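The block underneath contains the structure these notes are about, expressed in structure tokens.
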Amino acid sequence: MHEARPQLKTQHPDEADGEVLVALRGPARAERLKDIRAAVGEAALRCGCAEEVAQDIVLAVDEACQNVIRHAYGGAPGGEMIVQVRRTGDGMEVSLTDFAETVDPATIKPRSLDDVRPGGLGTHFINQIMDEVQYLVPPGGRGNQLRMVKRIA
């Protein structure tokens, strides 16, 4: 696997590209993660992922959602996020959008793997699991959007 480099872009994939398999919008709260994990796992299997790959994708999306809840919104109630999964020609694309303060992608880094303690490895897992990771400016210019792509052989 490879280490994807954080990047911030303003271009968005064409909304017409790919079949939408999951479109969830709601509060950025931990209680919602179970439903998000189930929907993403089912979508990954529908895209042709092996069970192990589907579980890895679920882990990456769960970590990204937890980062939104904990870091973007600081655990405060009232935050909202959108999770969208699309089937693409060669795999799947997951988009996670929040409406929190825009973050500089250069500040999004996993901690050192030598630093053994709980937490702080979510972005490492995301970058190892997914084939492409991009930080986008969402439509409207407010918030954050994470685009993750997984190619399926």
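The values are calculated or read from the model by the stated rules, or taken from the named source; none is laboratory data. Everything numeric here is computed off the predicted structure, so don't read it as measured data. Reconstructed Cβ throughout: ideal geometry from the backbone, glycine too, with neighbour counts over all protein chains shown.
Per-structure values
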| item | result |
| --- | --- |
| Looking only at the range 65-85, and only at residues there that are in contact with a helix residue (DSSP H, G or I) (Cβ under 9 Å, 6 or more places away or on another chain) and part of a strand (DSSP E or B), the one that is farthest from Val149 (Cα to Cα) | Met81 |
| Residue within the range 29-45 that is assigned to a loop (DSSP other than H, G, I, E, B) and buried (at least 21 other Cβ atoms within 10 Å of the Cβ) present | no |
| In the range 99-131, the residues that are over 25 Å from Thr88 (Cα atoms), modelled with pLDDT of 90 or more and either outside any loop (DSSP other than H, G, I, E, B) or hydrophobic (A, V, I, L, M, F, W, C) (or both) | Phe99, Ala100 |
| First in the range 22-43 and within 10 Å of Val83 (Cβ to Cβ), second anywhere and of a type in the set (Gly, Ala, Ser) and in a helix (DSSP H, G or I), Cβ under 6 Å, 6 or more apart | Val22/Ala39; Val22/Ala43 |
| Every pair of residues 6+ apart whose Cβ atoms lie under 7 Å, when the first sits in the range 58-76 and is at positive phi while the second is surrounded by 15 or more Cβ atoms within 10 Å (Cβ to Cβ) and not aromatic (Phe, Trp, Tyr) | Gly75/Ile69 |
| Any pair with Cβ under 6 angstrom, 6 or more apart, that starts in the range 132-153 at a residue that is over 10 Å from Glu93 (Cα atoms) and ends at one that is in a strand (DSSP E or B) and at pLDDT below 80 | Gln134/Lys9; Tyr135/Leu8; Leu136/Lys9 |
